[in-house]
1. Those residues that are in contact with a Pro (Cβ under 9 Å, 6 or more places away or on another chain) and either open to solvent by 50 Å² or more (accessible area, probe 1.4 Å) or without any contact (Cβ under 8 Å) to a residue 24 or more places away in the chain (or both), I need them from the stretch 83-106; list them, please.
2. Can you tell me which of Gly111, Gly161 is within 21 Å of Ile226 (Cβ to Cβ) and either open to solvent by 50 Å² or more (accessible area, probe 1.4 Å) or assigned to a loop (DSSP other than H, G, I, E, B) (or both)?
3. Anything in the stretch 22-55 that is open to solvent by less than 20 Å² (accessible area, probe 1.4 Å) and in a strand (DSSP E or B)? List them, or say none.
4. Show the residue pairs meeting these rules: Cβ distance below 8 Å; 6+ apart or different chains; first residue within the stretch 15-26 and on the phi < 0 side of the Ramachandran plot and of a type in the set (D, E, K, R); second residue in a helix (DSSP H, G or I) and modelled with pLDDT under 90.
5. For Thr385, all conditions in the list (1) within 30 Å of Ala262 (Cβ to Cβ); (2) crowded, with 21+ Cβ neighbours inside 10 Å hold save one; what is the number of the exception?
6. Go over the candidates Ala170, Ala152, Ala135 one by one and state the one that is closer than 18 Å to Val291 by Cα, in a loop (DSSP other than H, G, I, E, B) and open to solvent by 40 Å² or more (accessible area, probe 1.4 Å).
7. Give the stretch 238-266 a look and list any residue that's open to solvent by less than 10 Å² (accessible area, probe 1.4 Å), closer than 17 Å to Ala341 by Cβ and either in contact with a His (Cβ under 8 Å, 6 or more places away or on another chain) or not in a loop (DSSP other than H, G, I, E, B) (or both), or say none.
8. Considering (1) under 30 Å from Thr192 (Cβ atoms); (2) of a type in the set (A, V, I, L, M, F, W, C); (3) in contact with a Pro (Cβ under 7 Å, 6 or more places away or on another chain), say which one Val291 fails and leave the rest.
Amino acid sequence: MSDMTPDVDWSTKSIIEKRDRYYAASQRAFVPYQKPLILKNGKMQYCWDELGNKMTDLLGMNLCISVGHAHPAVVEAVTDQVKELTHCTTMFHHPVPAHLAEELAATMPAGHEWVVHFTNSGAEAIDLAMMMARASTGNHDIVALRNSYHGATYGAQAVTGVHGFRHNVAQLSNISFAAEPNQYRGIFGPGTDPYLDEIDRTIAYSTCGELAAMLIEPVQGYGGIIPMPPGYMKGAAEKIRAAGGLMIIDEVQSGFGKTGDAMWCFDHHGVVPDMMVIAKGLGNGIPIGAVVARKEIAECMAGKFLFHTYGANPVACAAARAVLRVIREDNLIDNAKTVGAKLSEGLAQLKDRYSIIGDVRGRGFMQAIELVKDRDTKEPAPEHTAHVFERTREHGLILSKSGTFKNVLRMVPPLCLQMEDVQPVLDALDRSFADLEKARLE
């Protein structure tokens, strides 16, 4: 690992004190561990803290690291571009963003003309997609799903159904929520049709009947890795379009082959979005987001100039081009499928051993363990989840607590996680749950 940068104080005490002193309250609060985790280096699927302890990153730094920490191809692309030109706004032309837009459009379903609007982040892209839907259709009502997460900006949190991300301020109007098709603890139990019927009821009772859009995550991420069941997204799109609305698919977390099925998770569901929102893994840690839309929809925004200051930044776009190339050339989607299947198999065995585990679920590299106090009542066990979570860190893993009740251990590793990583990960999880069992007996 590289030597310390002279003007950076890497002492643990100083880092914590400076953050507590100078960070705003909203950012100071976003600390998952009892003892703050300080990260210094990363290489592919691994990270090291400031003391040199090695950890396996099962979170991809909140899904932003898609192909691996410090991936050589991304580092080279970024370095080469920084040397030439660090920034060029969309007021001026540069080939790298245009190439990236072309390459992203090529990943979308044939038969449509796709265009791209680059943003700084996923939340900004959600805001833009909602505005574009309202401007394009002339309608205002938007349907979102309970338990959803689409961002924490003022606009995006209005369609976010996880209360921990909704501040106690007036939200955007004309937003209605339908019950999410959670196959483990959904209000209608398992199945698809009852949740599709709920969309009809939501439109009938909570909107004017004429819609702008519906937003769906193919896999609810912060909601606790809740995959949409077969037939749901296609059926939802039909209902929304019949009411005049557009289908916005949020692939910020589920995209880039995370589920091991295809580049975009919606491909597995037989639905073509009107707009797709992406970010996070697109830049492999370099900030960039985008709305990919059917051209005729995006044209509604042509009357006024709208841009995001660092959207289409050539350095970020160079990183994103490298990400797309690495995913393709290194067959990382297949890797997510095969390695993810082995991980899922091991998680199922953990469930057999520990009654505190109520459910394990996911596809590819989007996996979750949900902890409950009782498997019959499914009462959430957030305190026990917090205990296991802290122990996983001590055993060399980085993951997250998620879900409305903070009782889900969420794992979404970089696409480069290897088969030889699976057993050590499972062993660390096993030890963490064993630590919980021991603590409960004491």
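The values are calculated or read from the model by the stated rules, or taken from the named source; none is laboratory data. Just so we're clear, the structure is a prediction, and the values are computed from it rather than from any experiment. No Cβ is skipped: glycine too gets one built from the backbone with ideal geometry, and neighbour counts run over all protein chains shown. Note: areas computed on protein heavy atoms with side chains; ligands, DNA, RNA excluded. Shrake-Rupley method; radii C 1.70, N 1.55, O 1.52, S 1.80 Å.
1. Initially, the stretch 83-106 is screened for residues in contact with a Pro (Cβ under 9 Å, 6 or more places away or on another chain), giving 84-88, 90, 94-97.
The answer is Glu84, Leu85, Thr86, His87, Thr90, Pro95.
2. On the way: Gly111 fails: within 21 Å of Ile226 (Cβ to Cβ).
From the options Gly111, Gly161, the qualifying one is Gly161.
3. The first filter runs over the stretch 22-55 and keeps only residues open to solvent by less than 20 Å² (accessible area, probe 1.4 Å), leaving 33, 38, 45, 47, 49, 55.
Selection gives Cys47, Asp49, Met55.
4. Arg19/Arg28; Asp20/Arg28
5. (1)
6. Details: Ala170 fails: closer than 18 Å to Val291 by Cα; Ala135 fails: in a loop (DSSP other than H, G, I, E, B).
Only one candidate passes the filter, namely Ala152.
7. Thr259, Cys265
8. So the condition that Val291 fails would be (3).
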